[in-house]
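Engineer: This is the structure I want to talk about, given as structure tokens.
The values are calculated or read from the model by the stated rules, or taken from the named source; none is laboratory data. Everything quoted here is computed from the prediction, not taken from an experiment. Here the Cβ positions follow ideal geometry from the backbone for every residue, glycine too, while neighbour counts run over all protein chains shown.
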Ligand code: CUA
């Protein structure tokens, strides 16, 4: 009973990995498209090789079981065991290697620097010819159809930057800069994930990559460069005062307020992001309150202290303030 169920469900489970916001087989970027083609080429080549080997196996074990001549045996061993693998692997290498330099070709006018922290992403946008970089965190936005240079670094430990739908992965090292470029071909939201074990919350170190139409992206970047919005509700105003009084500005920046620190993620536009806590929670008041109350409960090892001495009302005021920072 179990076997037919597994046989029926197996292909479905396998195929479910072929699409979605974090699939290398559902490319939304130039590099990812090339990598997906390479994968299918290699997969087909592997299947052909497997069929050849299985054919030989059936031939010698079923069709022609008597001893073979010494000549045929030598042809099989030297030809099939040495010459053929060398030629096939060299051919595959010659096909795949020339792809790599093109994946590092620099971008066109916009550089996004991403620094891996424990366990979040420090993100800055810099347009060529502009002095000020725009600081953000835990989310990357890119214009569709343009090539954006991605400069990668890390603080303290190694991480790896990977948005499977857009490109291959690249490691991030403390004290060393690595570079890649992303050229999205389709707008949408694509999930990225740290792909190098970096400590207890490695698996909880993700982010969303939002690919926007170029004019929407320009408008978004313009807003992102601005100061934080003033709180509009009474609760949010109390939340801002609490945020400052509790010393949140000792780690975080909210531009346009006295909070200017750079230890934790910049929160100037945290309410406009697609996720909270580096890809693990939605951005709503309940999650913001929960995170503020006990960040380590959501993300083991998180450096943010717990604010569990605050009352439920105080937490919801802070959450209302942060949620309003669009
Ligand atoms: Cu960062 Cu794993």
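Engineer: For the structure I just gave you, tell me whether residue 16 is loosely packed, with under 13 Cβ neighbours inside 10 Å and modelled with pLDDT of 85 or more.
Structural biologist: no
Engineer: For residue 180, only one of the following conditions fails: (1) surrounded by 19 or more Cβ atoms within 10 Å (Cβ to Cβ); (2) within 16 Å of the ligand (Cβ to nearest atom); (3) under 21 Å from residue 113 (Cβ atoms). What is its number?
Structural biologist: (2)
Engineer: What about residue 117, is it buried (at least 17 other Cβ atoms within 10 Å of the Cβ), out of contact with any helix residue (DSSP H, G or I) (no Cβ under 7 Å at 6 or more places or on another chain) and closer than 27 Å to residue 227 by Cβ?
Structural biologist: yes
Engineer: If you go through segment 122-141 one residue at a time, do you hit one that is surrounded by fewer than 18 Cβ atoms within 10 Å (Cβ to Cβ), under 25 Å from residue 283 (Cα atoms) and within 19 Å of the chain's Cα centre (by Cα)?
Structural biologist: The answer is yes, given that some residue of segment 122-141 is surrounded by fewer than 18 Cβ atoms within 10 Å (Cβ to Cβ), under 25 Å from residue 283 (Cα atoms) and within 19 Å of the chain's Cα centre (by Cα).
Engineer: On the given criteria, is residue 160 over 18 Å from residue 265 (Cα atoms), modelled with pLDDT of 95 or more, within 16 Å of the ligand (Cβ to nearest atom) and not in a loop (DSSP other than H, G, I, E, B)?
Structural biologist: When the stated conditions are applied, residue 160 passes them.
Engineer: Looking at segment 203-222, which of its residues are over 19 Å from residue 111 (Cβ atoms), surrounded by fewer than 14 Cβ atoms within 10 Å (Cβ to Cβ) and in contact (Cβ under 8 Å) with a residue 12 or more places away in the chain?
Structural biologist: 213
Engineer: Taking the criterion of being touching a residue at least 40 places away in the same chain (Cβ under 8 Å), on the phi < 0 side of the Ramachandran plot and in a helix (DSSP H, G or I), would at least one residue in segment 249-265 satisfy it?
Structural biologist: No, because not a single residue in segment 249-265 is touching a residue at least 40 places away in the same chain (Cβ under 8 Å), on the phi < 0 side of the Ramachandran plot and in a helix (DSSP H, G or I).
Engineer: While we're on this one: Where residues in segment 185-198 are near the ligand (Cβ under 7 Å from one of its atoms) and in contact (Cβ under 8 Å) with a residue 60 or more places away in the chain, which of them is farthest from residue 297 (Cα to Cα)?
Structural biologist: 194
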